Amino acid sequence: MRTLVLNAGYEPLAVVSFKRALILVLNNKATILAGAANQAVHSSSREYALPSVILLSRYVRIPGTRLIPVSRRGVLRRDNHRCAYCSRSANTVDHVQPKSRGGRDTWENLVACCLKCNNVKGDKTPAEMGWQLNFTPRMPQGTTWMVRGAERFEPEWNPYLAFAQAA
């Protein structure tokens, strides 16, 4: 079970294990805002609601210009696991401008790609292949991309993530 951590300004910060979340709550560093559907953790003397969303007691500032680090997992997530060339299911990452030709590991130069297209394209640019990208690759935007540890979101987090998007 994973827990969404919000700072005192209700901005999402990270996703942590329920154990880490309970430790923060028990040490009075956070309060539980939402529990996970009638689930509880039992100790020898008490029962605790399994936290799904917690709010830190002290404000933790999020820098406004925080860059999102590039990762293979992030590129696949940004592109919804769809090939940028043929739109089939993608499980590899391709450099639009090949590394051997000075291409860098940036959000603008990396796209999700199926194995077939990646092998056919090889060390060429899309223009040399007569291919076009289905979209222009960019660094992802939004608060949810800045939440450390979040690859997928739990349904009970939606109100808190929507609140962060609106703010």
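The values are calculated or read from the model by the stated rules, or taken from the named source; none is laboratory data. Bear in mind the structure is a predicted one, so any value in this text is a computation, not a measurement. All Cβ positions, glycine included, derive from the backbone under ideal geometry; neighbour counts span all protein chains shown.
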Within the stretch 141-167, considering residues that are among the hydrophobic types (A, V, I, L, M, F, W, C) and assigned to a loop (DSSP other than H, G, I, E, B), the one modelled with the highest pLDDT: 153
Kindly indicate the residue of the stretch 111-140 that is assigned to a helix (DSSP H, G or I) and under 29 Å from the mean Cα position of the chain (by Cα) and also surrounded by the fewest Cβ atoms within 10 Å (Cβ to Cβ) among those meeting that condition. 119
Evaluate the following for residue 86: is it in a loop (DSSP other than H, G, I, E, B), surrounded by 13 or more Cβ atoms within 10 Å (Cβ to Cβ) and not assigned by TED's automatic domain parsing to the domain that holds residue 154? yes
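Can you go through 49, 30, 36 and tell me which one is under 21 Å from the mean Cα position of the chain (by Cα), in the same structural domain as residue 156 (by TED's automatic domain parsing) and not β-branched (Val, Ile, Thr)? Steps first, please.
Details: 49 fails: under 21 Å from the mean Cα position of the chain (by Cα); 30 fails: under 21 Å from the mean Cα position of the chain (by Cα).
Residue meeting the stated conditions: 36.
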Take the residues in the stretch 15-32 that are in a strand (DSSP E or B) and buried (at least 18 other Cβ atoms within 10 Å of the Cβ); name whichever of them is modelled with the lowest pLDDT. 15
